[in-house]
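One structure is given below, encoded as structure tokens.
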Amino acid sequence: MQRLTLFLSACSRFALAGIFWLVARLFYDIEFHGLEHLPSRRPIYFAMAHKRDLDPIVELPTVLARQGWRALAHDVIFALRGDAFAPGFLARLVTQPDWFARFLWMLSLGDILRFLGIRPLEKLNLRPDEIWLRDFVSAEGDLTAGEVLSSTFLQHLSQASGEDVEILQASRLSHLLSWRYHALLQHSHSIDIFQSRWHRRMKNILLSQLKKQLVELTNWLEHHGSVWGAPEGQLSPSGKISPLSAILPRLLRSVSTPVTIVPIAIVYDFMTSRRMRIFVDVAPSIVYNSQLSAKDLNYDLRRAWLLSARFTCTQLASGFLVETSKVAVPIFTLSDLVLKLEEEAKRLHTRGRHVDPRLLTHKSVRKLAESFLTYAVQRHLVFRLAPDLYKVRPLNLSMDVPPGSTGYQQYPLAYAWNELQDMLSVEPHAQDSY
């Protein structure tokens, strides 16, 4: 029976990888670089810089196929956000149409995800409100909201739902976990949604869950299996790489054998009217041992991500718009943008940085610039004054992104500008081999 289960699991993983590969290439142009850096030495931790929910769908099939059929079939397990294993996760991803989302809300993926080799890994701080409430009800029972939740959170929920706060206070937590409040409880918050007297209890519950999850991942690495995860513990909210969570160093310290860390960077050339292109770059490995502190690991991994990340028209053209907006008369032509893109791309390429190859050819640069400007006009970032004359609108680079969310859709220019500044914040050394 066990052999049959493993066989069915392997077949399912192959099928899912094939679906991921096909879907990603139907809708996007994807380029992989640095696959030669993938090591043969195990155990391996695949460290994915996390920009969008799409990242693993783009990366997994190609990277694991390069590692061999065993990686695709069995050897690699995937650390996924813990709320994915709770009821209602699919309804958080697919919100429309309403009747279909409500149907998905009744389903739980936990057993299916485990069958496919996916394991939960809780966040230490921010979690969806719904998950906090589910954990509380499971551990402490179905108390009233007024006994458990902070007045600040109840006021917030009252304003969002239009329901009187006194009615909410008298409601059982199970009532708040009904479909009526589902959409309102998807924002991520800290333990502060609870009254202070419950903080220690909920923190202990979370730490107990996390400890069990880390033991499972540790045992897998100890037996020379591999793990795929996102060390930041969240999507990039602003375009910049977030600091590592405390979970990865804690996991690696628990493994008795050195773990090979594979940094994987991803960049989306998304500010375009054409088909979006995605660049995935695998950086040289980092071998973790007990001598490497959490601070040094954070530095080394962040540096590997940023040095291997690829500059695209989105980042460089966004930089051009921001700089142009600062001059007295922020007017420019298509030729001005093309010239700047060519200069910046060649300068970065000469310094050993990774650049979209299309930025190194005049004809393709012009096409990229035209598509960027079409996008910029559509998003009201620039005015078109004449067929070949543009003016930058007043720009606001601030971002108001809810916890646990990402701002590339609402604030594309600010997101791309932050990403550019982050990538420019590191410089290659002579010994670097990115």
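Converting phi to 3J(HN,Hα) with the Karplus coefficients 6.51, -1.76 and 1.60 and the offset θ = phi - 60°, the range 17-23 yields 4, x, 5, 4, 4, 5, 4 Hz in sequence order, with x at every glycine or proline. Computed about its Cα centre, the charge dipole of the chain is approximately 720 debye, with only Lys, Arg, Asp and Glu carrying charge at their Cβ. Taking Cβ atoms as reference points and 10 Å as the exclusive limit, the residues near SER325 contribute a net charge of +2, counting Lys and Arg as +1 and Asp and Glu as -1. Note on the chain: GNM, Cα springs under 10 Å; of ALA49, ALA414, ALA283, the largest mean-square fluctuation is that of ALA414. With K and R counted +1 and D and E -1, the other residues having a Cβ less than 14 Å from that of THR152 yield a net charge of -2.
The local environment of LEU381, defined by Cβ-Cβ distances under 13 Å, has a net charge of +4 under the rule Lys, Arg +1 and Asp, Glu -1. Placing unit charges on the Cβ atoms of the charged side chains and taking the dipole of the range 310-424 about its Cα centre, the candidate lying farthest along the positive direction among VAL355, LEU337, VAL365 is VAL365.
Please report ASP422, ASP296, ASP400, ASP281 as a ranked list, fewest other C-beta atoms within 10 angstrom at the top and most at the bottom.
Numbers: ASP422 19, ASP296 13, ASP400 7, ASP281 24.
Fewest-to-most ranking of ASP422, ASP296, ASP400, ASP281: ASP400, ASP296, ASP422, ASP281.
Charged side chains reduced to their Cβ positions (Lys and Arg at +1, Asp and Glu at -1) give the range 50-129 a dipole of some 140 debye around its Cα centre. Taking the C-alpha atoms only, the angle from helix 151-161 to the longest principal axis of the chain is near 70 degrees. Which lysines does LYS326 reach when only Cα atoms under 20 Å apart count, and residues fewer than 8 places away in its own chain are ignored? Qualifying lysines at Cα under 20 Å: LYS340, LYS391.
For the chain, what is the calculated [θ] at 222 nm in deg cm²/dmol (nearest 500), taking -39500 (n - 2.57) for each run of four or more DSSP H residues and dividing by its residue count? When only DSSP H runs of four or more count, the value is -14000 deg cm²/dmol. Figure legend: label point modelled 7 angstrom from the Cα of ARG274 along Cα→Cβ; residues of the range 26-52 with amide N under 13 Å from it are 29-30. Taking 0.36 nm per residue of separation and subtracting the Cα-Cα distance, full extension of the segment from CYS11 to ARG114 would add 35.6 nm.
Here the gap between SER158 and PHE32, fully extended at 0.36 nm per residue and compared with their Cα-Cα distance, gives a gain of 40.6 nm. Shown for MET276, MET271, MET202: other C-beta atoms within 10 Å of each C-beta, ranked fewest to most, produce the order MET276, MET202, MET271. Across the chain, the convex hull enclosing all Cα atoms gives 173 Å³ per residue. For the chain, the relative contact order comes to 20 percent (Cα pairs under 8 Å, sequence separation of at least 6). For the chain, what proportion of DSSP beta bridges, expressed in % and rounded to the nearest 5, is antiparallel? Once the DSSP bridges in the chain are tallied, antiparallel ones form about 50 percent. The angle between the Cα long axis of helix 55-67 and the main principal axis of the chain comes to about 90°, on a 0 to 90 degree scale.
Residues considered: PRO387, PRO61, PRO120. Largest GNM mean-square fluctuation over the chain, using C-alpha springs under 10 Å, is found at PRO387. In order along the range 113-125, the phi-based Karplus estimate (6.51 cos²θ - 1.76 cosθ + 1.60, θ = phi - 60°) of 3J(HN,Hα) comes to 4, 5, 4, 8, x, 9, 10, x, 9, 6, 7, 7, 10 Hz; Gly and Pro are listed as x. When each of SER254, SER293 is scored by the number of other beta-carbon atoms lying within 10 Å, the sequence from fewest to most is SER293, SER254. Counted over all Cα-Cα pairs of the range 239-398, pairs farther apart than 20 Å make up 58 percent.
Values quoted throughout were computed directly from the atomic coordinates according to the rules given, and no laboratory measurement underlies them. A quick note: this is a predicted structure, and the numbers were derived from the prediction, not measured. Every residue, glycine among them, receives a Cβ derived from its backbone with ideal geometry; neighbour counts consider all protein chains shown.
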